[in-house]
Amino acid sequence: MNIDQNTQSPSARPAVRLLGISGSLRRDSHCTAVLRTLADRMREGVTLTLHSLEEVPLYNADHDGDQAPGAVKSFKSAISMADGLVICSPEYNYGMPGVLKNAIDWASRPAFKSPLVDKPVLIMTASPGTAGGVRAQYQVREALSATLARPISRPQVAIASVAQKVSEGRLADAATLEFVDAAVADLLREIAMLRTAHPGR
Ligand code: FNR
């Protein structure tokens, strides 16, 4: 459900907006399927909106700042509006895909004052292989740390054999669903803690 369609009683806690970012542009991406599934499962008062990286061009400092391409501006604005990010990425050649690194690079500017600063992030990886993309996960965490984002600490979500767990564009494995639901719950707890610590933010 889109946040704008939320009708909440005045006593309800403020809505939480999560932004889902897939490291894969592929139409039938397993990572995007995982995020799509999570979006369907958000509890009341929480929305997860996916933002495609398809239109984000290669980073060029000459085009950064006020002159940034529209796709970059809208990506950064979506990050600013979100209370937290949920990234699900494949692993390419033991690392994160260039598409995702490129997007993080755009979003990280201006350095230490970007929309990523203090943003809680749940990192997930998925792979048809047995390691679940865990090597890419380290790189995503490291890059986000450089931006002063807050990748949350919890047991890693590295979904192995993902091709057998996705069906008709949705994650369909009960045990994995339980694990990723718990990961989202941890992200929401982190967001709630930050709200308590910094009420005006
Ligand atoms: C891969 N793949 C892959 N998988 C993995 O577990 N470790 C790896 O190092 C790589 N390397 C790699 C490089 C390149 C260029 C491609 C295209 C693929 C396989 C990859 O995990 C698989 O294609 C996933 O299905 C991609 O994720 P999506 O698109 O399904 O989300």
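The values are calculated or read from the model by the stated rules, or taken from the named source; none is laboratory data. These numbers were taken from a predicted model, which means no experiment stands behind them. Ideal geometry is used to build each Cβ from the backbone, glycine not excepted, and the neighbour counts take in all protein chains shown.
Listed values, structure above:
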| read-out | value |
| --- | --- |
| Leading residue by the ranking (nearest to the ligand (Cβ to nearest atom)) among those in segment 132-154 that are touching a Ser or Thr at 6+ places or on another chain (Cβ under 9 Å) and in a loop (DSSP other than H, G, I, E, B) | Gly133 |
| Every residue from segment 172-181 that is among the aliphatic types (A, V, I, L, M) and in contact with a strand residue (DSSP E or B) (Cβ under 8 Å, 6 or more places away or on another chain) | Ala172, Leu177, Val180 |
| Only listed residue being touching a helix residue (DSSP H, G or I) at 6+ places or on another chain (Cβ under 9 Å), surrounded by 19 or more Cβ atoms within 10 Å (Cβ to Cβ) and more than 28 Å from Ala15 (Cβ to Cβ), chosen from Ala158, Ala143 | Ala158 |
| Single condition Glu55 does not satisfy, out of (1) part of a loop (DSSP other than H, G, I, E, B); (2) within 16 Å of the ligand (Cβ to nearest atom) | (2) |
| Flag if Leu188 is surrounded by 14 or more Cβ atoms within 10 Å (Cβ to Cβ), among the aliphatic types (A, V, I, L, M) and modelled with pLDDT under 95 | no |
| Residues of segment 73-102 satisfying the condition of being away from the ligand (no atom under 12 Å from the Cβ), under 29 Å from Gln156 (Cβ atoms), part of a helix (DSSP H, G or I) and not hydroxyl-bearing (Ser, Thr, Tyr) | Phe75, Lys76, Ala78, Ile79, Met81, Lys101, Asn102 |
| Pairs, first closer than 12 Å to Ser153 by Cα in segment 120-134, second in a loop (DSSP other than H, G, I, E, B), C-beta under 6 Å, six or more apart | Pro120/Ile152; Val121/Ala149; Leu122/Ile152 |
| Lone qualifier among Ala126, Ala107, Ala158, Ala111 - being under 15 Å from the mean Cα position of the chain (by Cα) and closer than 24 Å to Asn60 by Cβ | Ala107 |
